[in-house]
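What follows draws every value from the coordinates through simple rules; no lab data is involved. Note that the structure is predicted; figures quoted are calculated from it, not measured. In this analysis, Cβ positions are derived from the backbone assuming ideal geometry, glycine residues included, and neighbour counts consider all displayed protein chains.
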Amino acid sequence: LKTVGWADGGLVVGSIVVGGIVGSLTKEKVSEQTANAGIDYGQALMYLSQEQFRIVEAASERIFPKDENGPGAKDLGVAFFIDHQLAGAWGNNAREYMQPPFYPGEPTQGYQGPLRNHQIFDAGIQGLQDYSMKTYNKSFTELSGEEQDAVLEAFEKGQVPLKGVSSAYFFSLLRLLT
């Protein structure tokens, strides 16, 4: 019985050494395969449709454009970030009191209503598209940069009526997330 403990200990230590060697060889092969795949799973849509995503991507690029100082919102994946926020707790206002009654707040209080952040984005994105079609007979993504800026400026000034929320508030959320 005295040698059984030594034998068991030898098996454990030997298993760790051999397992470490085999594991390190396997890890190198797996990491090579992963690096070669080039797939970024963080860039998968979770909430927005493809059309909504393209609109958010174009709008965020106009707010934070690429220039000589660095990449713009599109290159940084801002639209994916916004999509993931809308799909998560922020989009559902999980940490905010959302029970009625809803009274109009003071300007310093921000939005005081029943809509969740993802519903505000739905209304705002649809508003961007509708306003672009009404004003220019083109989708927001088909507009030139100057035309997109004019649409976004109208939203920033609160000149576009949206269902349940002001366009200025939607624009402030879009700019905040960009």
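In what sequence, highest mean first, do 133-141, 166-174, 105-113 appear when ranked by Cβ atoms within 10 angstrom? Spell out each step's value before the answer.
Values: 133-141: 14.1, 166-174: 19.7, 105-113: 10.6.
Averaged packing, sorted descending, gives the order 166-174, 133-141, 105-113.
Peptides 157-164, 49-56: what's the order by average Cβ count within 10 Å, highest mean first?
By packing density, highest mean first, the sequence is 49-56, 157-164.
Round to the nearest 0.05 the FRET efficiency obtained for residue 87 and residue 142 when R0 = 30 Å and r is the Cβ-Cβ distance.
Details: r = 27 Å, r/R0 = 0.89.
Taking R0 as 30 Å, the efficiency between residue 87 and residue 142 is 0.65.
Counting only residues 5 or more places away or on other chains, whose amide H sits under 5 Å from the amide H of residue 66 once H atoms are built in the peptide plane?
Residues meeting the amide H criterion: 72, 73.
Around residue 175, with a cut-off of 15 angstrom between Cβ atoms, what is the net charge of the other residues, counting Lys and Arg +1 and Asp and Glu -1?
Once positives and negatives cancel, what remains is -3.
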